[in-house]
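Each remark here refers to the structure printed beneath this line.
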Amino acid sequence: GFLGSFLLTELLHKTKAKIYCLVRSEQPELTEDKLKNVLKSASLWDESFKPRIIPIRGDLSQPLLGLSSEKFQQLADEIDVIYHNGAWVHHASPYSLLKQTNVLGTQEILRFACQSKTKPVHFISTVSVFNFNEYSQVKVINEQDDLELGEVHNGGYSQS
């Protein structure tokens, strides 16, 4: 998607890493083209990126990210860090419709991060994780910090 295109391009420019990208694609043979076309549509494609981008056909809404258990394990052994910004962004949909992809998909990402070797997960969202008004001046929130529950986000996408 839009945010992912720019994230991928930044990672390609700022690192020397090979980058595995989970791509939802109906046809396996079109997975690479789908990713390339998204980058082209944002005027971000550079042919020199091709050897470092490894498209993986999968689905965030499925168990094991839509991968076979063997592929899931193989990738868990190879990948060192996760940048997770995948989501079904639809502001008019209810939470119940978005939960499978946005909530359970993130759960699968965390399962993947704990498989074989522990991998840091950088979660990126187009909306705040916490209510903006209550945490707008906070720069760092640590795991052990006591967080008071604030106002619940409105709308299914924000809740997911």
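A compact table of results
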{"read-out": "Rounded FRET efficiency, nearest 0.05, which uses the C-beta distance separating A92 from A42 and R0 of 30 Å", "value": "0.80"}
{"read-out": "Two-decimal ratio, the chain, of alpha-carbon radius of gyration to 2.2 N^0.38 Å", "value": "1.11"}
{"read-out": "Calculated FRET efficiency for the pair K117/R52, C-beta based, R₀ 30 Å, to 0.05", "value": "0.90"}
{"read-out": "Å² per residue, accessible surface of the chain at 1.4 Å", "value": "66 Å²"}
{"read-out": "Helix-only [θ]222 nm of the chain, DSSP H runs n ≥ 4, -39500 (n - 2.57) each, per residue, nearest 500", "value": "-10500 deg cm²/dmol"}
{"read-out": "Percent carbon-and-sulfur accessible area, the chain, ignoring ligands, DNA and RNA, probe 1.4 Å", "value": "53 percent"}
{"read-out": "Distance (nanometres) between label positions extended 7 Å along Cα→Cβ at T9 and K99", "value": "3.7 nm"}
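The values are calculated or read from the model by the stated rules, or taken from the named source; none is laboratory data. Given the structure is predicted, the values throughout are model-derived calculations rather than measurements. Quick reminder, even Gly has a Cβ in these numbers, built from the backbone with ideal geometry, and neighbours come from all protein chains shown. Just the protein is used for accessible areas: all its heavy atoms, side chains included, with ligands, DNA and RNA removed. Shrake-Rupley method; radii C 1.70, N 1.55, O 1.52, S 1.80 Å.
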